[in-house]
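Enquirer: I am attaching a structure below and will ask some questions about it afterwards.
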Amino acid sequence: MAGHFVRWMGDAGIVADAMRMPQEVIDQARLLPDKRRGRFLIARLMLAQLMLRVYGIHTLPTLVTHSNGRPAFADRDLPDFSIAYAGNIVGVLLAEEGGRAGLDMEIVRAHSRQTQEQLMQALTSGERAWINAQQDFMEAVTQIWTLRQSILKLTGEGDDHMASLRLQPAAGRLRSTSYPDIQAVCDAEPTLVWSCALSPATQRLHLWEVDASQQWHALRDVEMSKPNIGPRTLRLTSSPLERSARPEM
């Protein structure tokens, strides 16, 4: 079981008018401001191409928007996905085989020190202790915040449910009171922090990047079970206690 994360690094306005998309997607895009329209179309283009590459589905299936603002396929038998934006970067995470997905991305040092310290106030004491132990304060805050946002996207919750989630980055654990089985991997690159939250059965994460000419480039595969994925990478999994509390179906 795998997850698939692709990000667009080009100018969203270049190809926004040249895409072949379902009419309902085009109609939705026309209601948006120019900048949002380009990102909206790019995200759905990449989702369509992922569905073709992974499942062989040639036409983007019908989409719906849930009450929390999260888009999804209307057909519940189709896979879960998550969309995120950071500056001009557009990202899409696609799950497999009934798994769930949550994606968040943040530009490193996009927020002021004051904003970073305000974000710290919403974190747990364990999260703040881990951040204060790191050499790069701003990068560490961004990693924890991005991890949190990706997990809340997977569970379908928002910032109003921050208290439902506790991260223990020093121990590689997390605890969600609303969704017992989650794993998340977060990487800090020179300019971008990204976090992919996935179901625990996901064994591998495939990473791609798309340039302005719509060329796909394979970046790397992340083996989710490996203890040391990278020097600036965090991987958290639900604690055994959390899993044992899962209700019987």
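Enquirer: Let me cross-check residue 36: its accessible surface, 1.4 Å probe, with only protein heavy atoms counted, in Å² to the nearest 10?
Expert: 130 Å²
Enquirer: Output the relative contact order of the chain, whole-number percent, from Cα pairs under 8 angstrom with separation of 6+ residues. It would help to have the intermediate numbers written out before the result.
Expert: On the way: 471 pairs, mean separation 54.0, N = 249.
Worked out over the chain, it gives 22 percent.
Enquirer: Rolling a 1.4 angstrom probe over the protein chains, ignoring ligands and nucleic acids, what is the accessible area of residue 161 in square angstrom, nearest 10?
Expert: About 90 Å², ignoring ligands and nucleic acids.
Enquirer: Want the number for residue 135 to residue 68: 0.36 nm per residue separation, take away the alpha-carbon distance, what's left? Mind dumping the intermediate values first?
Expert: Numbers: separation 67, 0.36 × 67 = 24.12 nm, distance 3.61 nm.
Here the answer is 20.5 nm.
Enquirer: Any idea of the accessible area per residue across segment 2-238, 1.4 Å probe, to the nearest Å²? Let's see the in-between values first.
Expert: On the way: 11360 Å² over 237 residues.
Per-residue accessible area for segment 2-238 comes out at 48 Å².
Enquirer: A further question on this structure: Quick one: ranking 178, 225 by accessible area, 1.4 Å probe, largest first, what do you get? Provide the component values of the computation, followed by the final result.
Expert: Values: 178 60, 225 95 Å².
The residues order as 225, 178, largest area first.
Enquirer: Cα centroid distance between segment 179-195 and segment 112-173, in Å?
Expert: 11 Å
Enquirer: Rounded to the nearest 5, what % of DSSP beta bridges with both residues in the chain are antiparallel? Before the final figure, lay out the partial values.
Expert: Numbers: 43 of 52 bridges.
Bridges in the chain are about 85 percent antiparallel.
The values are calculated or read from the model by the stated rules, or taken from the named source; none is laboratory data. Since we're looking at a predicted model, the values are computed, not measured. Remember, those area values only see protein heavy atoms, side chains included, never the ligands or the DNA or RNA. Shrake-Rupley method; radii C 1.70, N 1.55, O 1.52, S 1.80 Å.
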